[in-house]
Amino acid sequence: MRLTLLSFSLLALSISAMAQPQIKARTSSIPGAMKTAYPPEWAATSNIYEVNIRQYTPSGTINEFSTHLERLHNMGVEILWVMPIQPIGKEKRKGSLGSYYSIKDYMAVNPEMGTMEDWVNLVNKAHSLGMKVILDWVANHTAFDHAWIKTHPEYYNKNEKGEIKSPVDDWADVADLNYDNANMRAAMIEAMKFWMKASNIDGFRCDVAFMVPIDFWQDTRRQLEQMHPGTFMLAEAEEANLHEKAFDMSYGWSLYHILVDIAANKKTAKDITTYLETKKAFPKNAYHMYFTSNHDENSWSKSEYDKFGAGVKAFSVLTFGLNGMPLIYSGQEAANAKTIRFFDKDTIDFSKLPMEAFYSRMLKLKKQEAALRCGDNGGEMIVLPNGKEDFVFSFLRKKENSKVLFVLNLSNKKQKVKLDSPDVAGIAQEIFGAQPESAFKNQIQLNLEPWQYYVYTYKK
């Protein structure tokens, strides 16, 4: 059956283990109809790859990471989201190297990673390959040894004793910024403009965006757009109102946690359909970022292999097929199964790339098929009954002459399914070569091994 409206209520915000349950958003809903930001045209067919420069190579430098750009380009990567590269605070530092998100100086490069010249060269090289670059931005807090602590203590929130406080007890290494201060806001925007002027980056991924007032993000987006038309903004958040004249894309945290629960037999494939209904409360042009791993989930929880086991590929295929933008985290193409340390050096091993061909195939499919474009640029989403809806998620995406069928066994047991719909008719080819070209009529019967998946494209 086709998706029908169940509810316009949002799922409760699910965030990473790094963001503790006691965190409250500083954003507020804005009355009236939303006037949304419209993502740049180039983003409609894009994907995103998170770069952990510290852990990417033995040296952990910008220059050494740069040697991987051609490989990533050949794999099909289009947007590089680079984790913070600014100097890290030493006061109250955690671990030997500290947190990327404890910013000591917004307008400098961490000397452990390289120089501004190195960064500019990286961005230029990425652009020459047709890739975009967005920088991770930490607007909610700074390190305790940031210059503002002494020069502008009014920029910070304070406790009942008048001491500058952390935004969350567990984040003892960072100081909470005061968004009631107009001068601080202006300084923050100028710092973001600095990076656009200095290195011509294409936008920002904004850390804990839900903890920063939405009117700040709206003002920021307006000013950045004036100097760099087509700026791309990603919010670490899952709130519909952040798309109002501010962000192009937000996180699909809730879906991620549903998928983890399906793998653990705590939820069923039917819960995916329920989740998709909640997304109707978002603007049609809003992009959602889907993933099976990222730096938070890997470092603060477990790797995707711990959570999804033998179903890693099946769940990943789902994130590529849905109406959103798929994320690949550093090392997923290398089948990295370890939890990467966050505050210390912990190099990812790229000597073998057993998952590269898999991701490359999915990235190219996303690019080639109009039905799989992001947001309202993509095709209609049709959830297909199969007789085993608790275990198998089957759906079709179609737009004009582009049509892609997904059948995913999200269980550790064999499943026999039957798809009975005129939507499945046509000449189809399974993209991973699991089956020869098939002439489907209105009914398809399939026998699925545990965690097996089929992806069919149709002749145009």
Karplus-derived 3J(HN,Hα) from phi for the range 449-460 (6.51 cos²θ - 1.76 cosθ + 1.60, θ = phi - 60°), whole Hz, x at Gly and Pro, runs 6, x, 6, 7, 9, 10, 10, 10, 9, 10, 4, 8
Helix-derived mean residue ellipticity, 222 nm - over the chain, DSSP H n ≥ 4, -39500 (n - 2.57), to 500
-7500 deg cm²/dmol
Can you give me the long-range amide H partners of W137? Hydrogens built in the peptide plane at 1.01 Å from N, cutoff under 5 Å, separation of 5 or more residues or another chain.
R205, C206, D207
For the range 136-215 the mean separation of alpha carbon contacts under 8 Å (6+ apart) over residue count, i.e. relative contact order in percent, is 39 percent
Along the charge dipole of the chain, which of N200, Y38, Q452 sits closest to the positive end, that is, farthest toward it, with unit charges on the beta carbon of Lys, Arg, Asp and Glu (+1, +1, -1, -1)?
Q452
Degrees between helix 182-199 axis and first principal axis of the chain (Cα, 0 to 90, nearest 10):
70 degrees
Separation of the range 206-247 and the range 308-341 by C-alpha centroid, Å?
26 Å
Built amide H within the under 5 Å cut-off of F232, gap 5+
G203, F204
Using a simple charge model, +1 on the beta-carbon of Lys and Arg, -1 on the beta-carbon of Asp and Glu, nothing else, what dipole does the range 342-460 show about its Cα centre, in debye to the nearest 20?
340 debye
Here the percent of antiparallel bridges among DSSP beta bridges lying wholly in the chain, to the nearest 5, is 55 percent
Could you run the Karplus curve 6.51 cos²θ - 1.76 cosθ + 1.60 with θ = phi - 60° over the range 143-159 and give me ³J(HN,Hα) per residue in whole Hz, x for Gly and Pro?
5, 6, 10, 5, 4, 4, 4, 8, 7, 9, x, 5, 6, 10, 7, 10, 7
Near the amide H of I88, under 5 Å away, which other amide H atoms are found, from residues 5 or more places off or on another chain, if H is placed in the peptide plane?
K104
Pairs beyond 22 Å (Cα-Cα), from K366/K460; K193/K279; K302/K413; K158/K245; K104/K345:
K193/K279; K302/K413; K158/K245
Unit charges at the beta carbon, dipole of the chain: most positive-side option, L122, G375, N409
N409
Please compute the net charge surrounding D390, taking Lys and Arg as +1 and Asp and Glu as -1 over other residues with Cβ under 12 Å from its Cβ.
+2
Taking 45 Å as R0, compute the FRET efficiency from the Cβ-Cβ separation of K338 and K284 and round it to 0.05.
0.70
Given charges at beta-carbon only (K, R positive; D, E negative), |dipole| of the chain in Debye
1200 debye
Just want the ordering: T268, T67, from fewest to most Cβ atoms lying within 10 Å of their own Cβ.
T67, T268
Place +1 on the Cβ of every Lys and Arg and -1 on the Cβ of every Asp and Glu in the chain, take the dipole about the Cα centre, and give the residue among G76, A240, P87 whose Cα lies farthest towards its positive end.
G76
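Where a number appears in this text, it was derived from the coordinates with a stated rule and is not lab data. Keep in mind it's a predicted model, so treat the numbers as computed, not measured. FYI the Cβ positions are ideal-geometry reconstructions off the backbone, even for glycines, and counts take in every protein chain you see.
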